[in-house]
Amino acid sequence: MIEIKNLSKSYSKGKIKAVDGLNLNVSNGEIFGFLGPNGAGKTTTIKMIVGLLNPDEGSIIIDGTDIAKDPIEAKRKMGYVPDDPNLYDRLTGMEYLNFMADVYQVPVSVRKKKIEYFLEMFELKDAAFDLIKSYSHGMKQKIALTGALLHDPKLWILDEPMVGLDPKSAHLLKSQMREHCDKGNTVFFSTHVLEVAEKLCDRIGIIHRGKLIAIGTIDELRKGDNKDSLENIFLELTEK
Amino acid sequence: MKPFISFIKMQLNVNYGISALKYRFTREKKKLWEPVLIAAAILVSLLPLLAMYTGWMISIFNGGLQIGQPEMVLAISFVFAQLVILIFGIFYIMGAFYFSKDLEMLVPLPLRPYEVIAGKFAVVMVNEYLTSLPILLPPVIIFGTGTSQGILYWLKSLILMAVIPAMPLAIASVLVIVLMRIVNIGRYKDLLAIVGGIVLVFGSMFGSMLFQKIPENPEDIQEFFAGQGGLTDMIGSRFPPAIWATKGLYKTGPSGFGYFLLYIAVSVALILLMFWISDRIFYKALLSGQEVRRKRKTLTGSKMEKKFSNVTSPVMALFRREWKLMIRTPLYVLNGLVGSITGPIILLFMIMAQDNDQELAELLAQLSKPEILPYAVLICAGVMLFTGGMNIVSSTAVSREGRTIWIAKMIPVPAKQQVTAKFLCSYSVSAIGVLTTGLIVLIFLKLPVLWVTAVTIVGLAGSVPMTAFSLLIDVFHPKLVWNSEQEAMKQNMNGVLGMLLSFVILVILGAVAVGTLLIGIPLPGVLAAVFAASVFIGTASIFALFAVAEKKYREIEA
């Protein structure tokens, strides 16, 4: 589903390499957790995958479509939620969702079903007609999630999706992620919560100073040592 | 450093991007050409205007010299500068005091309300020098050198120029602070703030017109010319403190000093009054303004059903979003929508300011004369195009997206369609201005319907290249990092550049009109030529816009 080849991005005229020659493949039906300390290059990588940042080098193929060559087609296949969703404060939640449904050309019957389903699930039905300005961080996150999933994308790209969500919503989202992947789709998400990664992910990638320093299933990362927690593995790898 | 002084320094730093500039100069030298180029472009395009203004001031000075009142030039410029600052300051102050995003961060700081106001006031004041200095410097230099003034004059002029914006801005601030306290009721406070702001602005415009006491009969006029300072008093009656500033500057001896000190003292008193009032009521209005009403009502069944819109094209969805965001943001309404109908409203005031019905009847009779009509129609076209050109909705359309630009980058909608929606939204604002002008001309100046229709079509056609080129400027170099909506719209250089570019288009279309008129082509032919030129430049501008958008939207990083 995602093929990343030799991806690099630097800031301040090449002085700071945010992402350095990253190679990564994520298959269909997989929940992939992207871990790393603050400033490791997680968000930069994600932003390049969804087309918000332009790579200096390398290529990103989404389900066979090169994001650089056919960005519109590639974007149709994805649903993305940033870590801090800045939405249109002066639209109501419902107006935002209708807007997203229109730009993704979601038919009325489908959008109706989906919007009702997510609003119900996230307990946002009462707030849907208020301005987004009045929402809490978590509510904005939930509306952004709903908006990103209306067109039923094959690939979900979520940057720190659990931040700001209450325990119930986080639990529901995790179930949704599992369900989505069980249908043969893909979820790529970054997180700081190692427990979530440990329990939810089929495979994990750890990025440090722009380079992918480890990748594999939890068992592969443990290298056979069942007692070793992901936290220990993470600390060991990133404190080198 | 005292917290208060440090706060003012921080406000100036943030608003003028001083640290950001330093960073740019020291760390990102590659991009240095951009601000330099923009500054150079603005300077070059402003020079002809400044030269025209200086020439006009010199002729006023010479005229004044002949009747023994050379100081007239000072009075005119002081009135002009102060009225401009007062009228435009109202929206500006409203934005800075009540709609900046950093207020949420400032309120919890251990600062008194008047200290927060002082910091914001300092920023607005420094910005107003950009308006007041070009207006005041030429006449001050013309009068000073023309009447060989001594060192005292130059010293006083320096001090006066430094304090000039303070008084009109303090008046605007007091009006706005009181207004915001009054209108802060219930869920319609945004709307009330807009309406209140409009009433204040047009009220002060109309008030300054009524203030002016124009002598009615010849004897009075003679008296005005004969009496020392007569004309100054007459001109200054639009804004009386301008008389004190003028007399304080040119008069020598104790009376000159008296007026000078009076001006300074009243400025200080007004600022203190503003601080006093703000300490009492500023936070009350500000804090309740931050509250957002939640209805939290559950819709069921058929009511909920209606809320799902039918599938529309992405362009239409984006167009609707643009309009909704614009009309729900008080600052965008005040600077965009209201700004675009300011021209026609001023025209209406000028018509209404005719002292009596007889004068108006004479004016109307003049306008319908066959030899005057073509000029009246062309001036009408000029006002329409000027109105369209002053529209800053287009030149800030991408900038206004600010931190939500990631949505534009993420959605699967090509750049061409995204700018088409922005173009349609901005153009509809210009069209409102053009149509309002047409209506006012039709109803109040009673020009023939056919001509008004023809000229409106020309106005609508001419607004196309103006909108497209202004939008192109913003697509080329959007200002996406801002803390207040004010910064996105009013403190955005693209707005100024857009107006200047529109001014260039206006000059080109004007040249087409004058050229065809001079070679003896009748009015329909002249209008057809201007229309054809508009269509030609308009088509080119749209192609250019699409081409630039495709490239630049890819380059924008969110």
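The values are calculated or read from the model by the stated rules, or taken from the named source; none is laboratory data. Since the model is a prediction, treat every value here as computed from it, not as a measurement. Don't worry about glycine lacking a Cβ; one is built from the backbone with ideal geometry, like all the others, and counts go over all protein chains shown.
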*Can you tell which of B:I327, B:I346, B:I277 is within 23 Å of B:V434 (Cα to Cα) and modelled with pLDDT of 85 or more?*
B:I327
*For A:T92, work out the one condition from (1) under 30 Å from A:D130 (Cβ atoms); (2) loosely packed, with under 15 Cβ neighbours inside 10 Å; (3) hydroxyl-bearing (S, T, Y) it doesn't fulfil.*
(2)
*Of these, B:I159, B:I171, B:I141, which one is outside any loop (DSSP other than H, G, I, E, B), at pLDDT 90 or above and crowded, with 16+ Cβ neighbours inside 10 Å?*
B:I171
*Between a first residue in segment B:63-89 that is within 12 Å of B:A245 (Cβ to Cβ) and a second residue that is among the charged types (D, E, K, R) and surrounded by fewer than 24 Cβ atoms within 10 Å (Cβ to Cβ), which pairs have beta carbons less than 6 Å apart while being 6 or more apart in sequence or on different chains?*
B:V79/B:R238
*Restricted to segment A:12-29, and to residues that are surrounded by 14 or more Cβ atoms within 10 Å (Cβ to Cβ) and of a type in the set (G, A, S), which residue is nearest to the other protein chains (Cβ to nearest Cβ)?*
A:A18
*The listed residue being over 30 Å from B:W406 (Cβ atoms), within 22 Å of the chain's Cα centre (by Cα) and part of a helix (DSSP H, G or I), out of B:L509, B:L500*: B:L500
*Which condition number does A:I62 fail, the rest of (1) within 30 Å of A:I233 (Cβ to Cβ); (2) in the same structural domain as A:K142 (by TED's automatic domain parsing) being met?*
(2)
*Going through segment A:49-79 one residue at a time, which ones are facing chain B (nearest Cβ under 10 Å) and either of a type in the set (A, V, I, L, M) or crowded, with 22+ Cβ neighbours inside 10 Å (or both)?*
A:V50, A:G51, A:L52, A:L53, A:A68, A:I72, A:A74, A:K75, A:M78, A:G79
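Here's the yes/no breakdown for (1) within 20 Å of A:T43 (Cα to Cα); (2) surrounded by fewer than 20 Cβ atoms within 10 Å (Cβ to Cβ); (3) of a type outside the set (K, R):
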| position | (1), (2), (3) |
| --- | --- |
| A:K142 | yes, no, no |
| A:L145 | yes, no, yes |
| A:L155 | yes, no, yes |
| A:D159 | yes, no, yes |
| A:V163 | yes, yes, yes |
| A:S169 | no, no, yes |
| A:S175 | no, yes, yes |
| A:E179 | no, yes, yes |
| A:D182 | no, yes, yes |
*asked:* If I go through segment B:483-497 residue by residue, how many of them are assigned to a loop (DSSP other than H, G, I, E, B) and within 21 Å of B:Y129 (Cβ to Cβ)?
replied: 3
_What's the total number of residues in segment B:406-454 that are more than 22 Å from B:S394 (Cβ to Cβ) and of a type outside the set (F, W, Y)?_
16
_Can you list residue pairs whose Cβ atoms sit under 6 Å apart, with the first residue in segment B:539-558 being under 19 Å from B:I411 (Cβ atoms) and the second being not in a helix (DSSP H, G or I)? Count only pairs 6 or more apart in sequence or on different chains._
B:E557/A:L53; B:A558/A:L52
*Identify all residues within segment B:306-324 that are more than 7 Å from chain A (Cβ to nearest Cβ) and modelled with pLDDT under 90; write none if there are none.*
B:K306
*segment A:80-103, residues that are facing chain B (nearest Cβ under 7 Å) and either closer than 19 Å to A:L158 by Cβ or touching a Cys at 6+ places or on another chain (Cβ under 9 Å) (or both)*: A:Y80, A:P82, A:N86, A:L87
*Residue list for segment A:211-240, filter: among the small types (G, A, S) and touching a helix residue (DSSP H, G or I) at 6+ places or on another chain (Cβ under 8 Å)*: A:A214, A:S229
*Output for segment B:385-419, where each listed residue is assigned to a helix (DSSP H, G or I), within 14 Å of chain A (Cβ to nearest Cβ) and of a type outside the set (G, A, S)*: B:R400, B:E401, B:R403, B:T404, B:I405, B:W406, B:I407, B:K409, B:M410, B:K416, B:Q417, B:Q418
_So for segment A:117-129 (the condition being surrounded by 19 or more Cβ atoms within 10 Å (Cβ to Cβ), among the hydrophobic types (A, V, I, L, M, F, W, C), more than 10 Å from every other protein chain (Cβ to nearest Cβ) and under 26 Å from A:A40 (Cα atoms)), does at least one residue qualify?_
no
*asked:* Scan segment B:413-421 and tell me whether some residue there is farther than 16 Å from B:A468 by Cβ, over 22 Å from the mean Cα position of the chain (by Cα) and free of Cβ contacts under 8 Å to residues at least 40 places away in the same chain.
replied: no
*In segment B:322-337, how many residues are part of a helix (DSSP H, G or I), touching a residue at least 12 places away in the same chain (Cβ under 8 Å) and not hydrophobic (A, V, I, L, M, F, W, C)?*
5
*Might you let me know whether segment B:420-433 holds any residue that is within 14 Å of chain A (Cβ to nearest Cβ), in contact with a helix residue (DSSP H, G or I) (Cβ under 7 Å, 6 or more places away or on another chain) and not in a helix (DSSP H, G or I)?*
no
*asked:* Restricting to segment A:139-156, count the residues that are part of a helix (DSSP H, G or I) and of a type outside the set (S, T, N, Q).
replied: 9
